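Beneath this line is the structure, given in structure tokens, with notes to follow.
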Amino acid sequence: MAGEDYKQVVIVRSDLNMSRGKIAVQVAHASLIAAFEAYKERREWFTAWWESGQKKVVVKVSSEGELLELYEKARQRGLPASLVRDAGLTELPPGTLTAVAIGPCPSKLVDELTGGLKLL
């Protein structure tokens, strides 16, 4: 743990054409949900991330399928992860999958899944 880099990566669907405000809200939901999961399940990762400034990176995918695949891979590897479904009160139909957050966890673990994705 000492000397290791920690971060959280939030993945957003670019095919939904959400407004910037909507994207910001979906990223916030995903980030908080995954952070709370890490706090409960991997406290050492959460604490290291928190104490090092809560590094976050936001990237994009172009489909629901890609989003689900990354979420499932993260869960299979035991990484904190959240899957956000929109409530449908503004721009999107209820239940639309919008974002996934992976981490906080060691950067090298999340980079194995998300390192090839483009920044949002």
Can you give me the angle between helix 20-41 and the longest principal axis of the chain, using Cα atoms only, in degrees from 0 to 90, rounded to the nearest 10?
40
Sequence order, region 101-116: Karplus ³J(HN,Hα) from phi using 6.51 cos²θ - 1.76 cosθ + 1.60, θ = phi - 60°, Hz rounded, Gly and Pro as x, gives 10, 10, x, x, 6, x, 3, 4, 6, 6, 5, 4, 9, 10, x, x
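Please identify the trypsin sites (Lys or Arg not before Pro) of region 1-55 that satisfy two criteria: DSSP loop assignment and at most 15 other Cβ atoms within 10 Å. Which are they? Present the calculation step by step, with values, prior to reporting the outcome.
Values: sites: Lys7, Arg13, Arg20, Lys22, Lys40, Arg42, Arg43, Lys55; in loops: Arg42, Lys55.
Loop-located and lightly packed - Lys55.
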If you average the sequence gap of Cα pairs under 8 Å that are 6 or more apart and divide by the length of the chain, what percent do you get for the contact order?
41
Straight-line reach only, C-alpha to C-alpha below 18 angstrom: list the lysines that Lys108 could link to, leaving out same-chain residues fewer than 8 apart.
Lys7, Lys55, Lys56, Lys73, Lys118
Choice from Pro93, Pro104, Pro80 with maximal GNM fluctuation in the chain (Cα, 10 Å cutoff):
Pro93
In Å², nearest 10: area of Ile33 left accessible to a 1.4 Å probe:
90
Area accessible to solvent at Ser82, 1.4 Å probe radius, in Å²:
0
Just checking my list (i) 1.12; (ii) 1.16; (iii) 0.96 against Rg/Rh (Cα atoms, Kirkwood Rh) computed from this structure; which label fits?
(iii)
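Could you pull out the trypsin sites (Lys or Arg not before Pro) across region 60-104 that fall in loop regions by DSSP (anything but H, G, I, E, B) with no more than 16 other Cβ atoms inside 10 Å? Could the numbers behind the result be given before it?
Numbers: sites: Lys60, Lys73, Arg75, Arg77, Arg85; in loops: Arg77.
Answer in residue order: Arg77.
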Which residues' amide hydrogens lie under 5 Å from the amide hydrogen of Val59, considering only partners 5 or more residues apart or on another chain, with H built in the peptide plane?
Val10, Ile11, Val12, Leu120
Among Leu79, Leu32, Leu109, which one moves the most in a GNM of the chain with springs linking Cα atoms closer than 10 Å?
Leu32
Note down the magnitude of the dipole of region 6-119 about its Cα centre, charges +1 on Lys and Arg C-beta and -1 on Asp and Glu C-beta and zero elsewhere, to the nearest 20 debye.
260
Over the chain, the sum of -39500 (n - 2.57) across DSSP H runs of at least four, divided by residue number and rounded to 500 deg cm²/dmol, gives at 222 nm -13500 deg cm²/dmol
With the charge dipole of the chain built from beta-carbon charges (+1 for Lys and Arg, -1 for Asp and Glu) about the Cα centre, the Cα from Gly21, Ser82, Tyr39 projecting farthest to the positive end belongs to Gly21
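The values are calculated or read from the model by the stated rules, or taken from the named source; none is laboratory data. What you see is a predicted model; the values in this text were computed from it and never measured. Counting neighbours? That spans all protein chains shown, and the Cβs are built from the backbone with ideal geometry, glycine included. Heavy atoms of the whole protein, side chains included, go into the accessibility calculation; ligands, DNA and RNA do not. Shrake-Rupley method; radii C 1.70, N 1.55, O 1.52, S 1.80 Å.
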